[in-house]
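The values are calculated or read from the model by the stated rules, or taken from the named source; none is laboratory data. None of the values given here were measured: they were computed from a predicted structure. All Cβ positions, even for glycine, are placed from backbone atoms using ideal geometry, and neighbour counts span all protein chains on display.
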Amino acid sequence: MAKGANQLSKTFVWILMGLLIIGLAGFGAVNFSGSMSSVALVGDEEVTVDDYLRELQREQRAIQAQSGQSFTIAQMAAFGMDRAVLGRLIALAAIDNEVNTLGISIGDDNLRQELREIPAFQDTRGNFDRQAYSFALQNANLNESDFEADLRRESARTLVQGAIVVGASMPDVLTETLTSYIGARRSFSYVQLSPDQIALIQVVPDDATLQAFYDDNAAEFTLPETKRITYARLSPEMIMDSVEIDADALKRLYEERADQYQVPERRLVERLVFADEAAAAAARTQLEAGDTSFEALVEARGLTLSDVDLGDVTQADLEGAAAGVFAAEVGSVVGPLPSSLGAALFRVNGRLEARLTTLEQATPELRDELAADRARRLIETQAEEINDLLAGGATLEDLVNESDMQVGTIDWTGTAGEGISAYEDFRAAASRVTLEDFPTAEFLGDGSLFALRLDEILPERPEPFEAAKQKVLNAWDADRLAKALQTEAEALLSSVTETGDFPEGAAVKTETGLTRTAYLDTTPADMMNQIFTMEPGALKVISGEGSTVVVRLDEILAAEENEEMKLLAEAMGTQLDQAVSEALFAAFVSDAQLRAAPRIDEHALNAVQANY
């Protein structure tokens, strides 16, 4: 890219993208008489067929690179991407038309300088290479005159953009206002009331009371839209008992799992290696005399206990030291004994007994594993037969007689539950099934085969009182407790209002200088927002799920004047300046586009897409 293109800021690009939403609004569809050299005319500027096709292909390649899938022009048109491409080109043409009207150009000398500074056109010493220039344009399917004209236009656009946006800034008062809002602080005191502080007499409401509560809160007991589904399922567990397992297969699997079923006796051991046996013996003598410890010996060698830890080892792992180590008591140090690294002292930290499981003992576990695997393979072979039966007109109920499948029904509301609805594959099939679909065999994650049929879609409806009775009772109890909490809070509020302070013995908590984004665990979620609406000295009861507080605002504090707030103000000022620059340039582009009165040749557009 040229220097002018490099200078084209992100502001320019994003504004053009944003204009795509409105870019084509109000365009007149006018058929051009004559050649099909352009797809649109914007003032005195043309959007040529070549420009449109090149940009369309570029967009197509970008989508394919991003998604990893091929994307046809028809698919792009279906998503409106062809119009987005056209809108982009029209916006650029409108700017070029305005630039030409203003008589802005970079001139030949500046153009030559731009070309010299493009790396793709330079030789190994950084000088302009005419041959590289021609070769690069040839590869891009461009000629020199077209490329240089495009470069002139890009540079001119950049000049216009810079003239509009450079120096644009939002008033400081807005930055200060927003920073003060974000950094504002409050100091307050509060007493928190929780359900476990409320002592209520156990009351068992009669049916009439529950029915009245049910009627008054019908929305709480409304069932969601429900799909009534019949399904047939064949799982490995259903046929495992009937699967025959060969005794030789059991024995082979047992032998393959020898390390699991034939675990020898082991020891938890640390090993400290010495230069020779004499050094190891001297260290052992010091240990026996109590002049040192094993830890001190390890540290003296510049090691840690983790460096000398062998973990759990068998006799085979220790070779020549096995007899001595396995005869030692837990906690003792033995040696010098031979090791692969030389004479060493061994400390025994633990004893793990041998774990030997006979083939007879392991048979139930091994058989279940082999049977489950065999059952899954048998089910896979039945999938095609089941699909043939369904395609031939068999119902799910008929499959019970024709196979080992079992039929069930479920009222599915779109969420995971128990049984078959716990499987993601079933939920995916249930979510897309319609009343017109015929059942087909599919698999679950555990190897089960299933097919389903949508019998009925039940709309949202009140849950019958008898079915919802336990829910109603729970909601009635929760409502009674919430009202008791509210009553307790209001009594405390009245007391504080009369006396001017929280009563003696109340668990008063005080917070100082918290911002509106502060989080206090177990308090109502909206507490901080409500506190920031209060005046100093004001009292308020704030309730939330599982908690109610009585809060008093003690003090309103301005934002802290620290480095963090300074950085926030600077960042916000930069962001606001960027926003006003974008808004100004967007207004310029919109006005230029409106005055250029873009006209689109729909026949040319259709021809490009049809021929591509």
The residue from Pro598, Pro524 that alone is under 30 Å from Ile95 (Cα atoms) and touching a residue at least 24 places away in the same chain (Cβ under 8 Å) is Pro598
Per the filter on the stretch 353-403, residues of a type in the set (S, T, N, Q) and either touching a Cys at 6+ places or on another chain (Cβ under 9 Å) or closer than 26 Å to Ala232 by Cβ (or both) are Thr381, Gln382, Asn387, Thr395, Asn401, Ser403
Here the residues within the stretch 499-530 that are among the aliphatic types (A, V, I, L, M) and under 33 Å from the mean Cα position of the chain (by Cα) are Leu514, Ala518, Leu520, Ala525, Met527, Met528
Scanning the stretch 293-309 for residues that are more than 17 Å from Ala275 (Cβ to Cβ) and of a type outside the set (D, E, K, R), the one surrounded by the most Cβ atoms within 10 Å (Cβ to Cβ) turns out to be Phe294
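Quick check on this structure: which one of Glu117, Glu176 is under 30 Å from Lys540 (Cβ atoms) and either among the acidic types (Asp, Glu) or surrounded by 18 or more Cβ atoms within 10 Å (Cβ to Cβ) (or both)?
On the way: Glu117 fails: under 30 Å from Lys540 (Cβ atoms).
Unique residue meeting the criteria: Glu176.
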Counting only residues in the stretch 365-406 that are of a type in the set (Val, Ile, Thr) and over 39 Å from the mean Cα position of the chain (by Cα), the one modelled with the lowest pLDDT is identified as Val400
Of (1) exposed (fewer than 14 other Cβ atoms within 10 Å of the Cβ); (2) at pLDDT 75 or above, Leu253 satisfies every one except (1)
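Sort out which residues of the stretch 249-268 are touching an Asp or Glu at 6+ places or on another chain (Cβ under 8 Å) and under 22 Å from Val330 (Cα atoms), and write them in order of number.
Scanning the stretch 249-268 gives Glu265, Arg266, Arg267, Leu268.
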All-but-one check, Phe532 against (1) of a type in the set (Phe, Trp, Tyr); (2) touching a residue at least 60 places away in the same chain (Cβ under 8 Å); (3) within 26 Å of Asp196 (Cα to Cα), failing number (3)
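Can we say Thr357 is at pLDDT below 85 and either in contact with a His (Cβ under 9 Å, 6 or more places away or on another chain) or not charged (D, E, K, R) (or both)?
When the stated conditions are applied, Thr357 passes them.
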Of Asp312, Asp276, Asp307, the only residue that is acidic (Asp, Glu) and within 21 Å of Arg351 (Cβ to Cβ) is Asp312
The residue from Ala482, Ala489 that alone is over 27 Å from Leu557 (Cβ atoms), surrounded by 11 or more Cβ atoms within 10 Å (Cβ to Cβ), assigned by TED's automatic domain parsing to the domain that holds Thr209 and in contact (Cβ under 8 Å) with a residue 60 or more places away in the chain is Ala482
Of those in the stretch 520-552 that are part of a loop (DSSP other than H, G, I, E, B) and of a type in the set (Ser, Thr, Tyr), the residue farthest from Ser495 (Cα to Cα) is Thr522
Practice task
Say whether the condition of being touching a residue at least 24 places away in the same chain (Cβ under 8 Å), at positive phi, touching a helix residue (DSSP H, G or I) at 6+ places or on another chain (Cβ under 8 Å) and surrounded by 12 or more Cβ atoms within 10 Å (Cβ to Cβ) is met by at least one residue in the stretch 383-398.
Solution key: no
